[in-house]
Amino acid sequence: MVELSWIEGVLALTVQFGTVYLLASLGEIYAERSGILNLGMEGMMIVGAAIAFVFTNALGHLLSLVSVVLIGALMGLLLAFLVVTLRLNQVVVGLALTLFGYGLSGLLTQPAIRARIMRALNPEVPEVRIVTQQAEALRAVKVPVLSDIPVVGPVLFSQNALVYFALIAAVVMWFVLFRTSIGLAIRSVGENPSMADSLGINVFRIRYVTSVIAGVMGALAGAYLFIGYQPFWVEMMTNGRGFIALALVILASWSPIRAVFGSLLFGGVEVIQFRLQLFGFAAQTPQFVLMLPYVVAIVTLTVLSVESVRKRLGVPEALGKPYYRE
Amino acid sequence: MTEKSGTDRRRITRREFLGVSTGAAVGGIVAAGVIGGIAGYLAGQSAAPPRAVTTTVTQAAAERTVTVQRTATVERTVTAPQVTELKVGYIYVGPVGDYGWSHAHDQGRKWADQRFPAAKSAYIESVPEPQAASAIESLITKENAKLIITTSFGYMDPTAEMAAKYPDRYFVHISGYRSGAAGNAPNNMSSAFAEFYQLYYLNGLAAGAVTQTGVVGYVAAHPIPEVVRHINAFVLGANYAYKKRTGKNIKAYVVWLFSWFDPAKARTGAISLIEEKNADVLAYTEDSPTVLQVAEEYTTQKGKRVWSFSHYSDMRQYGPNAHLTGQVVNWGPLYLEFYRMVATNTWQSVDIWTRIGDYVPYRWRRPVDKSTAGQPEGTVYLAPLNPAIPSEWQAEIKRRYEQMKELIFEPFSPEGNLGEPIRDQSGEVMVDGKTYVVSKRSGERREGGRLDRDALWEMDWFVEYILSELPRG
């Protein structure tokens, strides 16, 4: 008989790991819904993680997260400027942003440069915070009463602030996207920008806003990976998880609520595969379990290639295409 | 209408083409700018004059003038600068950063440079393995490097090719098996490695001495012989101490990351070992102190005593309450040896694993109370021992450490397993004190009390105390 505490442990960790993917994919969904394919998600994440590392040690969690949001917004603006205003190829720009993110994050965290930044931000910063590669992790905050419920309590109500933020953001972003006129505007820009334009929607402004949202959420995802999950900085620590988030967006077929379940699946696989290794199940082929989310993503893509399904799920028709005002 | 737009879509319009090409150009410029900036920064850093070097030399000279005979001093100080400048080029697989494998090599480079004033070194970092040959080429043509040191397993074949192409240069490859000495590369190529299995055995002794649950875990990178060897050594040590304490066999579990560094993954793996199997001592092969951090978190915040180790450098700051001991490397003395060989024209192709006791000033075992275990020395040494390890086991660890300086004690021997032959998971006797099996794959049994290089190099089996399976590559 499986013990309750075992399930709680696995699910709580799944939610923790899944939050990395959830934050990133929520941002990506908004960008893609408005027609911008943001392959720079990985770069936004790694910069977010680097900022979280340097700024948390200098200024503490709150100001660090504010800085992460700002830098994410800047990267979103850069993306929008390149693909909306300059109308450059989104694939090329996205990959360039990822490389840019790797470079920038490596630069910011170079010991000498990091020390300068931290001393500029906070002249009082102790030497030990400058040389360390870790930072204080976000503490779990228990929601009173709710955290005492078996299973649900430890899994959903004994997490850190960013996990709560991600879950609430998913609901809010779903509501805005599907139940408000702003959401309608975003979706219509992604479907048929010229039609949206003729209806008086400012296509460029919408795409700028969704890019910034993607940048902010991506940077937060990276910051979460660092201060919310494993607070040790190594270069390229995102390890391609920004691209996994892109696959998740497809799996979630561009819905913030489905992204919650998708992120639990992707996070859960990472958690479960180690348990399976210990059970002796997947000892010979742990890669097989790790492959599963991608198999699901490929199957989803295949299903989405059917025209009628595409129509029903609402795949953004203008995804990846720059808009020219005729 | 629809058909028309369909065909339009397939044809690349001029506009789209321009979009793509400008995109590529801008992307390229952005990327190049970033990479160039970083490279420039690092070049500046590595080219910065090594101030420490000059001071050490003057000081040494001054000291000698006072203490040693004056004539000898004068001779030495005059001859030292006569060694013509030695250009050394290094290739790293990862970013130098301030952690992990490439960082350790870079620390070694600085260590050797400081002690060899005539050396002028340059390095190229984050070199993908297929580009190793061209990186070597550029170190030779642009930097005129006389000695090239390549520091990743995947650089082995390109290094051997370049050694054949440039017979007047010298090459050292780290962690491979091709060298002039081994007979499968030109004579101007050596291979070297800083080997940890002895230290992992000592870690295991510490683990077996403190475990309460009798379960130890290992967060492992890739299922390759090097990692398998370290896991086996660790578990043998843990079993030795635990069985001597309690009379029971240790239980060991392994999770595989299939990655050399991934803190998030290592965390997940470590947690599953603690929660699923109740392991209370965790060793690991991953480039970050993540597992130690997790142990610290469980110990200080979650009310569960979990221990872990240092890996590659002294990591005590990442787990002050959870740190038992660990393995630390200093590649410097090894590199210095090659600098000397090339500078003095006394090159000889070698194939070495540096172990405990190599490159230390005093290469004899010391009595336990004078043991240097836990102090920096040589190329591989033990991180400081936590006083929480019971004193009789501290003494045992020190005794073995000292014995291994003279290779008197060998972990992969019945002596390292409480006098029992070492069996693999299927019960087959792999090491019985008189013979040993080279590898499961070959099935070859050789005469000898201790494993030879082939057996260590090809290790493809788990000792019987490990209850996880070994993935087949």
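Rule-based calculations on the coordinates, nothing more; no lab input. Not measured: the values here are computed from a predicted model. Neighbour counts are summed over all protein chains in view; Cβ atoms, including those assigned to glycine, are modelled from backbone coordinates with ideal geometry.
If you average the sequence gap of Cα pairs under 8 Å that are 6 or more apart and divide by the length of region A:189-326, what percent do you get for the contact order?
Reported relative contact order: 31 percent.
Show that you can apply the helix-only estimate: for chain A, add -39,500 (n - 2.57) for every DSSP H stretch of four or more residues, divide by all residues, and state [θ] at 222 nm to the nearest 500.
-23000 deg cm²/dmol
So, with +1 on the Cβ of K and R and -1 on the Cβ of D and E, and no other charges, what is the size of the charge dipole of the protein assembly as shown about its Cα centre, to the nearest 20 debye?
Here the size comes out at about 1080 debye.
Quick one: which residues, 5+ away or cross-chain, put their amide H under 5 Å from the amide H of B:MET430? H built at 1.01 Å from N.
Correct list: B:ILE422, B:ARG423, B:ASP424.
From the phi angles alone, apply the Karplus equation (6.51, -1.76, 1.60; θ = phi - 60°) to region B:259-273 and give each ³J(HN,Hα) in whole Hz, x where the residue is Gly or Pro.
Going residue by residue, I get 7, 7, 9, 6, x, 4, 5, 4, 4, 4, x, 5, 4, 5, 5 Hz, with x marking Gly and Pro.
Which far-off residues, 5 or more places away or on another chain, put their amide H under 5 Å from the one on A:ALA140, with H placed in the peptide plane?
Correct list: empty.
Provide the three semi-axes, in whole Å and in decreasing order, of the ellipsoid equivalent to region A:168-242 as defined by the square roots of 5 times the Cα gyration tensor eigenvalues.
That gives 33, 14, 8 Å for the three semi-axes.
With r as the distance between the Cβ atoms of B:GLN131 and A:SER181 and R0 = 45 Å, compute the FRET efficiency 1/(1 + (r/R0)^6) and round to 0.05.
For R0 = 45 Å, the calculated efficiency reads 0.30.
Shielding by partners for B:254-266, please: the mean number of other protein chain Cβ atoms within 10 Å of each residue's Cβ.
6
Is any helix in chain A, taking whole DSSP H runs, at least 20 angstrom long along its axis by alpha carbon and on average at least 0.0 on the Kyte-Doolittle scale, and which ones?
Sorted by number, the helices that extend far enough and score high enough are A:4-33, A:41-59, A:61-80, A:90-109, A:161-179, A:203-223, A:256-279, A:286-304.
Over all distinct alpha-carbon pairs, what is the Kirkwood Rh of the protein assembly as shown in angstrom?
Roughly 28.8 Å, rounded to one decimal.
What ³J(HN,Hα) values, in whole Hz, does the Karplus curve 6.51 cos²θ - 1.76 cosθ + 1.60 give for region B:275-290 when θ = phi - 60°, with x put for Gly and Pro?
Once θ is set to phi - 60°, the couplings for region B:275-290 become 7, 7, 10, 6, 5, 10, 9, 10, 9, 7, 10, 8, 6, 10, x, 3 Hz.
Please list, by residue number, every one of the chymotrypsin sites (Phe, Trp or Tyr not before Pro) in region B:332-367 that is coil in DSSP and has at most 14 other beta-carbon atoms within 10 Å.
Taking region B:332-367 and a limit of 14 other Cβ atoms within 10 Å, the loop chymotrypsin sites (Phe, Trp or Tyr not before Pro) found are B:TYR362, B:TRP364.
Kirkwood Rh over alpha-carbon pairs of chain A, then Stokes-Einstein at 10 °C and 1.306 mPa s: what D in µm² s⁻¹, rounded to an integer?
78 µm²/s
Calculate how many DSSP beta bridges within the protein assembly as shown are antiparallel, expressed in % of all such bridges and rounded to the nearest 5.
25 percent
Alpha carbon centre of region B:319-370 versus region A:247-326: separation in Å?
Result: 49 Å between the Cα centres.
So, counting K/R as plus one and D/E as minus one, what does the shell of residues with Cβ under 11 Å around B:HIS311 add up to?
-3
Grab the beta carbon distance between A:LYS311 and A:LEU146, set R0 = 30 Å, and tell me the FRET efficiency rounded to 0.05.
Once rounded, the FRET efficiency stands at 0.15.
Two decimals is fine: what's Rg over Rh for region A:213-326, C-alpha atoms, Kirkwood radius as Rh?
With Rg and the Kirkwood Rh in hand, the quotient comes to 1.04.
By per-residue mean of other Cβ atoms within 10 Å, what is the highest-first order of B:260-268, B:101-109?
B:260-268, B:101-109
Taking the Cα centre of each part, how many Å lie between region A:119-173 and region B:418-469?
Region A:119-173 and region B:418-469 have Cα centres separated by 47 Å.
Give the peptides A:82-91, A:288-297, A:143-152 in descending order of average Cβ contacts within 10 Å, highest first.
Ranking, from highest mean packing down: A:82-91, A:288-297, A:143-152.
Can you compute 3J(HN,Hα) from phi for each residue in region A:142-156, using the Karplus curve 6.51 cos²θ - 1.76 cosθ + 1.60 with θ = phi - 60°, rounded to whole Hz and x for Gly and Pro?
For region A:142-156, the Karplus curve yields 7, 7, x, 6, 4, 6, 8, 5, x, 6, 4, x, x, 7, 10 Hz.
Cβ under 12 Å from A:GLU42's Cβ, A:GLU42 left aside: what net charge do those residues give with Lys, Arg +1 and Asp, Glu -1?
0
Name the long-range amide H neighbours of B:ILE149: under 5 Å, sequence gap of 5 or more, or other chain; modelled H, no Pro or chain starts.
It is B:GLY89, B:TYR90, B:ILE91, B:VAL172, by chain and number.
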